[in-house]
Amino acid sequence: EAPVSTLTPMIVAFLLSRAVVDATSAPPCDYWWQAREWYVGFRADDCFTRSGFADELHDLRAASLTCSQRAYKLAGLHSHADTGVADNHWEEYNPTCAVIEYAGDRYLFTLAEPRNAISSLRAFDSVTCVDGAAFVHQAGALLGWGSFVYHGTGGSETWSGAFDIHGMKCVALHLIYQLFSATRTQYLVSVLNSPFDVRERTESCLPSAKHAIRQCTEDDDNDVIGNLNANAEALSGASPPVDYMFMMAFAGPLNMCLGGGIFVSLLRSLMRFLDVGEYVEAFDTRLEVVPDIVPRDYLPGGMCADLLTSVFFFLAAIPFQGQLFPGAPEFHHIWHLFAGQAVAYGSSGTVTLENRMREEGKLTAQDDINLNRFRP
C-alpha cells in the first residue's frame, strides 16, 4: 500500500485541530464519561494484524499502554493538577482527559499535549501499513508510543522523553541496517570518531526497550517509576545522537540516487544552519554495492522515487518542528505526520532496493540471511 494514501485527510484534520489553549490545571480523569477525546488506534488493528509481527506488535502496544497508564497513576499524572506542569518545550498545552482504545481495551489518560500525543500514534502506527517492511514495524510502533507518552506528560525529560528518543533511534537503526544489508555495506563504521557496529546496535535496540516496558508492567508499585527512569537512562546512552542516525539513513540513498552533488552540499549547509554541523560527516555514508540505476527507478513506486520522497518529507517536516527555526509557528503534530511519511517511504524504497539487487543477482545466500534478520 502506498504510504501517501493516508496523507491528505490527515493534513486537513491536523490543520483544523490547530487550537492552542493556555490551561492551568488538568481536568478530572477518573471515569470514562469524563473523557473529552476518544481515540481509536489509527488503522492499527488492521495493520498490526496484517504484519508478519502481528503477535509481537499486539504484545508491545498492549504492554506499553499498560505501562504508561500505570506510571501515570503512580506519578500523580492521572487526575492530578500537575499533569504537564513543566510544560517544557512545546507550544501546545491543553490538559485533556482522553481514552485510548486498542484491541478492545480502553486506557484512560490525562494528556498535557493531546494533539501532539495522539498525532504520534497516527503518524508512526501508519508505518506498520507498509507491506514488506516488517523489519521496521515494531520500531515504528515503539516510536509511536514513545512520542505519545513524551507529549502526554508535557514534554518530560524523564523516562517518557528517553523512550521517545530511543524509538527514533530504533527506527533509524533498522532502516540503516536494512540499507547496509541490501547493498553489502560493512556494518562497522566510524561515527564521531568512534567505532560503531550497526548490526550489534540494531539487534539490541528493540529488546532493551521491550525489557524495560515489560518490567514496568510487573514491578511492585514502589519500584515502577525508579526502574523506568533507570532503564530510560541506560537507553539514552545506547547509540549516537538521533540527528546523526537519520542523516546516515538518508545519506546512503541520496548518494546512490543523486551521486552526491549539489543537493547533498545544500543539505550539509542546512545541517550547519540548524546547529548540527558537527554531524555532517554522516553525509559521507555510501552504500557499497548498488543496483544499476535506470529511469524506472525515478518513476512513482520506483526505488529512488520512494527513497528521495522519504528525504523530501523529512525536509518538509523541519519547518513544522517548532524549535529548529526560532520564532516560527509551531505545528509539531504536522512534524509527526511528515516524519511518519518519511519513514514509510524510506522503508518502502528499501524493500524495492532489495528486490532490485535480487533481480541483478548481486545478493548471496548470506545477504538474504542478513536481510531477514529482523523479519518474521
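The values are calculated or read from the model by the stated rules, or taken from the named source; none is laboratory data. Since the model is a prediction, treat every value here as computed from it, not as a measurement. Note that we place each Cβ from the backbone using ideal geometry, even for glycine, and neighbour counts take in every protein chain shown. We work out accessible area using only protein heavy atoms, side chains counted, and drop any ligands, DNA or RNA first. Shrake-Rupley method; radii C 1.70, N 1.55, O 1.52, S 1.80 Å.
Here are some residues: GLY322, GLY327. Which one is surrounded by fewer than 19 Cβ atoms within 10 Å (Cβ to Cβ), in a loop (DSSP other than H, G, I, E, B) and at pLDDT below 95?
GLY327 is the lone residue from the list that is surrounded by fewer than 19 Cβ atoms within 10 Å (Cβ to Cβ), in a loop (DSSP other than H, G, I, E, B) and at pLDDT below 95.
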Problem set entry | Residue check, GLY340 open to solvent by less than 30 Å² (accessible area, probe 1.4 Å) and either of a type outside the set (Phe, Trp, Tyr) or out of contact with any Ser or Thr (no Cβ under 9 Å at 6 or more places or on another chain) (or both) | yes
Problem set entry | Whichever residue in segment 234-284 is under 21 Å from the mean Cα position of the chain (by Cα), among the hydroxyl-bearing types (Ser, Thr, Tyr) and not in a loop (DSSP other than H, G, I, E, B) and, among such residues, is modelled with the lowest pLDDT | TYR279
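What number of residues within segment 204-233 are free of Cβ contacts under 8 Å to residues at least 12 places away in the same chain and part of a helix (DSSP H, G or I)?
Within segment 204-233, the subset free of Cβ contacts under 8 Å to residues at least 12 places away in the same chain is 207, 218-220, 222-223, 226, 230.
Applying the additional criterion that residues be part of a helix (DSSP H, G or I) yields 207, 218, 222-223, 226, 230.
Summing the residues that are free of Cβ contacts under 8 Å to residues at least 12 places away in the same chain and part of a helix (DSSP H, G or I) in segment 204-233 gives 6.
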Seminar exercise, completed: Of the listed residues (ASN231, ASN227, ASN222), the one being closer than 27 Å to ALA162 by Cα, over 18 Å from the mean Cα position of the chain (by Cα), open to solvent by 60 Å² or more (accessible area, probe 1.4 Å) and at pLDDT 85 or above is ASN222
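Quick one: which of HIS78, HIS58 is modelled with pLDDT of 85 or more, open to solvent by 10 Å² or more (accessible area, probe 1.4 Å) and either over 24 Å from ASP220 (Cβ atoms) or not in a helix (DSSP H, G or I) (or both)?
Working: HIS78 fails: modelled with pLDDT of 85 or more.
So the residue among HIS78, HIS58 that is modelled with pLDDT of 85 or more, open to solvent by 10 Å² or more (accessible area, probe 1.4 Å) and either over 24 Å from ASP220 (Cβ atoms) or not in a helix (DSSP H, G or I) (or both) is HIS58.
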For this session: Considering each of VAL99, VAL20, VAL4, VAL12 in turn, give the residue that is modelled with pLDDT of 70 or more and either of a type in the set (A, V, I, L, M, F, W, C) or outside any loop (DSSP other than H, G, I, E, B) (or both).
Result: VAL99
For this session: Quickly run through segment 289-313 and pick out the residues that are in a loop (DSSP other than H, G, I, E, B) and either touching a residue at least 60 places away in the same chain (Cβ under 8 Å) or surrounded by 14 or more Cβ atoms within 10 Å (Cβ to Cβ) (or both).
Result: VAL289, VAL290, PRO291, ASP292, ILE293, GLY301, GLY302
Exercise. Within segment 143-153, can one find any residue that is buried (at least 24 other Cβ atoms within 10 Å of the Cβ), out of contact with any Phe, Trp or Tyr (no Cβ under 7 Å at 6 or more places or on another chain) and part of a loop (DSSP other than H, G, I, E, B)?
Worked result: yes
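Residue under question is THR183, and the condition is that it be under 29 Å from PHE196 (Cα atoms), surrounded by fewer than 24 Cβ atoms within 10 Å (Cβ to Cβ) and at pLDDT below 90; does it hold?
Details: under 29 Å from PHE196 (Cα atoms): yes; surrounded by fewer than 24 Cβ atoms within 10 Å (Cβ to Cβ): yes; at pLDDT below 90: no.
It is false that THR183 is under 29 Å from PHE196 (Cα atoms), surrounded by fewer than 24 Cβ atoms within 10 Å (Cβ to Cβ) and at pLDDT below 90.
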Problem set entry | Verdict on ARG201 being in a loop (DSSP other than H, G, I, E, B) and open to solvent by 10 Å² or more (accessible area, probe 1.4 Å) | no
For this session: Name every residue in segment 150-190 that is on the phi > 0 side of the Ramachandran plot and of a type outside the set (D, E, K, R), in order of residue number.
Result: GLY154, GLY155
Exercise. Are any residues in segment 102-142 small (Gly, Ala, Ser), in a helix (DSSP H, G or I) and buried (at least 24 other Cβ atoms within 10 Å of the Cβ), and if so, which ones?
Worked result: ALA117, SER119, SER120, ALA123, SER126, ALA139, GLY140, ALA141
